[in-house]
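Bear in mind that the values in this text are calculations on the coordinates, not laboratory data. Quantities reported herein were computed from a predicted structural model and do not represent experimental measurements. Here the Cβ positions follow ideal geometry from the backbone for every residue, glycine too, while neighbour counts run over all protein chains shown.
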Amino acid sequence: MKWTLGCTWHTRQGSANFASRGTACPDGPILRPQSSVRTKLTYFCVVFPVVMILDLITKRWALDALAAQRGELLGGLVPLTLAFNKGAAFGIRVGEDSRWLFVPITIVALGLLVWIMVQTARSDHPRILAISLVVSGAVGNLYDRVRWSRGVVDFIGPIDLGFYDFPIFNVADIAITCGAFLLAYSFLMEERADRAAARAGAGVDPTP
């Protein structure tokens with residue numbers, strides 16, 4: 001987080017703020033963070049409830065509507081099958097009951113994502129959106145793992161790709177996947193910008 005140095009001058013009319021550009025601070029210097037928290041919270045407070053509400057509602061619907069029979073979307077192109085996944089996203093499993101392995105892993109991953117979010121520049125909107133999506137989806141699936149031993153509720157799929165049956169997934173998995181691709185794109189753009197800046201600093205034409 002970036003900080004600016006400033007001071008506050010107390011008068012009868014109130015308090016006046018001065019940046020430390022040659023102006024003396026009567027009460028001593030005060031460090032103030034440049035506000036990037038508001039932008040990040042705005043993204044998160046919009047994305048998180050949308051993903052969580054959609055995830056919870058669709059899982060509740062799947063438990064009721066798909067318990068006895070399968071359903072379909074788009075004229076059968078996308079089958080709907082109720083399944084309980086005790087592993088990671090898209091049916092990845094480690095052992096018979098691996099939820100207590102994935103719960104701490106998810107918590108550690110969430111902590112890492114929060115740290116990346118804190119380090120992210122306010123102007124990097126793709127990365128902020130990406131982290132918000134991944135965190136929201138991860139929390140949605142984490143809720144299922146913690147609340148019962150049946151596993152995460154999945155219901156979209158399996159989708160026949162001709163050469164492979166895509167595993168059954170849910171809304172939270174969609175958020176995680178979209179966020180992961182967007183996060184990878186953000187890191188790629190950052191790497192390209194760093195290379196261009198290095199070439200410009202070395203006096204090399206940044207265009208290939």
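So the values come out like this:
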item: Stretch gain in nm, segment V108-F84, where the contour uses 0.36 nm per residue and the Cα spacing is subtracted; result: 6.3 nm
item: Sorted peptide list for 59-68, 140-149, criterion being average Cβ within 10 angstrom, highest first; result: 140-149, 59-68
item: Potential extension, R122-R60 segment - 0.36 nm per residue separation minus Cα distance; result: 18.7 nm
item: Additional length obtainable on full extension of the chain from I53 to A200, 0.36 nm per residue less Cα span; result: 48.2 nm
item: Relative contact order [Cα under 8 Å, 6+ residues apart], the range 37-192, whole percent; result: 32
item: Separation in nanometres of the label points that stand 7 Å from Cα toward Cβ, at L161 and L74; result: 1.4
item: Least to most buried among T106, T42 (fewest other Cβ within 10 Å first); result: T42, T106
